[in-house]
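Visitor: Got a structure for you, written out below as structure tokens; questions coming shortly.
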Amino acid sequence: RPPKAAPPATLKAQEDECALSLKNKGDEMKELTELNTATALDKKACLEEVETHLATIAAKEKAITNFITNAKSTSALQTSLTASELKVGVLKSEKAMCALSLDITNGLLGAVKAERTTCKE
């Protein structure tokens, strides 16, 4: 004997239940899709912010490297300047000694000239 068919009211109730379940599943899928989209947008914004921070950090690192390079260059120039100043000091001392020597030589020359003048008379 074939199984007894369900009464139409029971079938209608099952169809309604299935339709409601499908609608609920559809609503849930829509919510999850919206959530996924929002999450993806948040992730994108976060990645852009991270990239901006990384670019800022890279720029600051470059500025620091440039500062260090300039500082080393300035230090080398200062060392060179100090050496030049010392050399100028030595040259000034040598010039003063030459001037003194010239004064002594001129004095001796004057004495010799005076002596020659005296001898001629």
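Quick note: the coordinates plus some simple rules give every number you see, no bench work behind them. Bear in mind that the values here come from a model prediction, so they are computed numbers and not experimental data.
Visitor: Specify the angular offset, from 0 to 90 degrees and rounded to the nearest 10, of the alpha carbon long axis of helix 8-120 from the longest principal axis of the alpha carbons in the chain.
Guide: 0 degrees
Visitor: Distance between Cα centroids, segment 44-73 to segment 92-121: provide it in whole Å.
Guide: 70 Å
Visitor: Give the span of the chain's Cα atoms along each principal axis, as three whole-Å numbers ordered largest to smallest.
Guide: Result, largest extent first: 174, 22, 11 Å.
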